[in-house]
1. Taking the Cα centre as origin and putting +1 on Lys and Arg beta-carbons and -1 on Asp and Glu beta-carbons, what dipole magnitude results for the range 184-228, to the nearest 20 debye?
2. Considering only Cα-Cα distances, which of the following residue pairs are longer than 25 Å: 225/255; 158/203; 186/260?
3. Give me Rg over Rh for the range 1-143, both radii from the alpha carbons and Rh done the Kirkwood way, two decimal places.
4. For the range 135-199, state what percent of all Cα-Cα pairs lands in each successive 10 Å bin, counting from 0 Å until the bin that includes the largest distance.
5. Once phi is turned into ³J(HN,Hα) by the Karplus curve 6.51 cos²θ - 1.76 cosθ + 1.60 with θ = phi - 60°, what whole-Hz value does each residue of the range 117-134 show in order, with x for glycine and proline?
6. Give me 243, 60 sorted ascending by neighbouring Cβ count inside 10 Å, so fewest comes first.
7. Using helices alone, I'd like the mean residue ellipticity at 222 nm for the chain: each DSSP H run of four-plus residues gives -39500 (n - 2.57), total over residue count, nearest 500.
8. With contacts defined as alpha carbon pairs under 8 Å and 6 or more residues apart, what's the relative contact order of the chain in percent?
Amino acid sequence: MFNLERDLVFFDVETTGLHVIRDRIIQLAMIKYLKVGGTEELNLLINPGVPISEEAFQIHGISNETVRNKPTFQQESQKIFDFIKGADLAGYNSNRFDVPILMEEMSRCGLHLDIDSRRLIDVQRIFYRMEPRTLRAAYQFYCNKEIENAHDAMSDIKATVEVLGGMLNKYKNHDLTGEDGIVLEKPIQNDVQKLHDFTNDVKVLDATQRLKYNDQGEVVFAFGKYIGQPAGKILFEDRNYYHWIQEKEFSFQVKEIVKKLLKEYEQKVKELKT
């Protein structure tokens with residue numbers, strides 16, 4: 001199937017969350033294509049030693065109970081290390097996530113996952129580079145035409161109007177099944193509200209994606225040392241952090257939201273005291 005000079009291991013991980021340093025691997029699946037022919041597989045469930053976030057659970061469905069009695073990464077590390085020994089690595093979005101988090105896990109076990117001597121294949125990068133998501137590419141795909149005077153603002157916006165028209169026509173009777181298995185019935189319709197709902201993340205509060213709602217409907221930080229923690233409470237308890245946000249290069253929108261959150265939390269504390 002592949003022309004190989006050495007073994008090639010495709011792998012994917014499921015984790016407790018999306019932070020490469022802080023989060024841990026809870027499932028590791030590998031398929032090794034041997035240079036001599038044939039394949040070998042390794043599929044492990046791992047006790048991460050830390051809680052699995054609710055957001056991660058909603059994506060992969062692996063609960064804390066599922067991995068409670070499984071081996072730790074430390075216990076499985078040598079097996080994994082030996083499985084990929086001398087092999088090149090491949091995956092989907094693997095260069096940005098799977099490889100770095102695997103390196104972190106190995107390092108905590110005293111093992112050095114050397115990538116300088118390996119070749120890394122990120123299939124997502126092939127997809128993105130070969131099927132570019134530019135306006136020119138969209139115009140060609142949905143309208144079967146080439147943009148004239150590309151990067152002239154008026155030409156570009158006229159092309160954008162045509163692209164949306166092409167999308168409305170192409171997807172008007174299409175359902176969409178998300179990664180979570182939930183089916184959206186005909187999400188692309190000639191309806192401004194429906195298009196707004198489809199193209200905006202209702203959990204994100206600001207354009208720079210610094211603040212968002214968690215699954216409990218609380219506003220939490222989506223960055224920095226307080227990532228995932230309730231913003232109002234943190235701002236109330238750590239005024240230095242509030243002032244730091246106001247003074248640094250955060251958007252006007254973020255600064256206004258932060259100001260509002262602090263006032264609301266102060267009012268909440270005041271009401272509780274009375």
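1. With Lys and Arg at +1 and Asp and Glu at -1, about 180 debye.
2. Exceeds cut-off: 158/203; 186/260.
3. Reported Rg/Rh, Kirkwood definition of Rh: 1.03.
4. Values per bin, smallest distances first: 21, 41, 29, 9, 0.
5. The phi angles translate into 9, 10, 9, 10, 10, 9, 4, 4, 5, 4, 4, 5, 7, 7, 10, x, 9, 8 Hz.
6. Placing the least packed residue first, the sequence is 243, 60.
7. Calculated at 222 nm, the ellipticity per residue is -12500 deg cm²/dmol.
8. 10 percent
Bear in mind that the values in this text are calculations on the coordinates, not laboratory data. Quantities reported herein were computed from a predicted structural model and do not represent experimental measurements. Using ideal geometry, Cβ is built from the backbone for each residue, glycine included, and neighbour counts are taken over all protein chains shown.
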